[in-house]
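Student: For reference, the structure I am asking about is given below.
The values are calculated or read from the model by the stated rules, or taken from the named source; none is laboratory data. Note that the coordinates shown come from a computational prediction; the quantities given were computed from them, not determined experimentally. FYI the Cβ positions are ideal-geometry reconstructions off the backbone, even for glycines, and counts take in every protein chain you see. What goes into the accessible areas is simple: the full protein's heavy atoms, side chains included, and nothing from ligands, DNA or RNA. Shrake-Rupley method; radii C 1.70, N 1.55, O 1.52, S 1.80 Å.
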Amino acid sequence: MPMDFNYTSRFDKYPGERNVYHVLLRCPEAEKIKRKHQVFGRPPASEQRRACEVCVEETRAWLAAP
């Protein structure tokens with residue numbers, strides 16, 4: 001699965017995404033965001049977003065795989 005930072009620019013439409021950014025391009029949570037509301041790249045540090053839990057768990061699984 002490719003990696004690329006992305007996040008939403010619409011908090012009113014995606015309230016659960018306010019403080020989240022995605023590391024995986026094909027994250028199931030990131031795929032819910034409409035393309036026109038998706039911003040690619042790292043979010044500004046001033047927004048203090050945290051990595052998506054789905055992305056974190058998938059990355060941990062990759063690292064733990066033999």
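Student: Among Glu17, Glu53, Glu31, which one shows the biggest mean-square fluctuation in a GNM of the chain, springs joining Cα atoms closer than 10 Å?
Tutor: Result for the chain, Cα springs under 10 Å: Glu31 fluctuates most.
Student: Okay, moving on. Over the alpha-carbon set of region 1-61, divide Rg by the Kirkwood Rh and report the Rg/Rh ratio to two decimals.
Tutor: Checking Rg against Rh, the ratio lands at 0.93.
Student: Given Cα pairs under 8 Å that are at least 6 residues apart, what percent is the relative contact order of the chain?
Tutor: 38
Student: Residue by residue through region 41-52, which ³J(HN,Hα) values in whole Hz follow from phi under the Karplus form 6.51 cos²θ - 1.76 cosθ + 1.60 (θ = phi - 60°), with glycine and proline marked x?
Tutor: Karplus-based 3J(HN,Hα) across region 41-52 equals x, 6, x, x, 4, 5, 7, 6, 7, 10, 5, 4 Hz.
Student: Let me have the 222 nm mean residue ellipticity of the chain computed from DSSP H runs of 4+ only, each contributing -39500 (n - 2.57), with the sum over all residues rounded to the nearest 500.
Tutor: One gets -5500 deg cm²/dmol as the mean residue ellipticity at 222 nm.
Student: Where the accessible area of the chain is counted over protein heavy atoms with a 1.4 Å probe, how much of it, in %, is carbon and sulfur?
Tutor: With neighbouring chains kept in place, the figure for the chain is 53 percent.
Student: List the residues whose amide H sits under 5 Å from the amide H of Val20, counting only those 5 or more places along or on another chain, with H placed 1.01 Å from N in the peptide plane.
Tutor: Arg50
Student: Let me ask you something else. Name the cysteines of the chain that stand alone by the Cβ rule: no other cysteine Cβ under 4.7 angstrom.
Tutor: Here Cys27 come out as lacking a disulfide-compatible partner, given the Cβ-Cβ threshold of under 4.7 Å.
Student: Okay, next question. Pull out the extension gain between Ala61 and Gln38, defined as 0.36 nm times the separation in residues minus the alpha carbon to alpha carbon distance; nm, one decimal.
Tutor: The Ala61-Gln38 span can extend by a further 5.7 nm.
Student: Tell me the per residue accessible area of the chain using a 1.4 Å probe; a whole number in Å² is fine.
Tutor: 70
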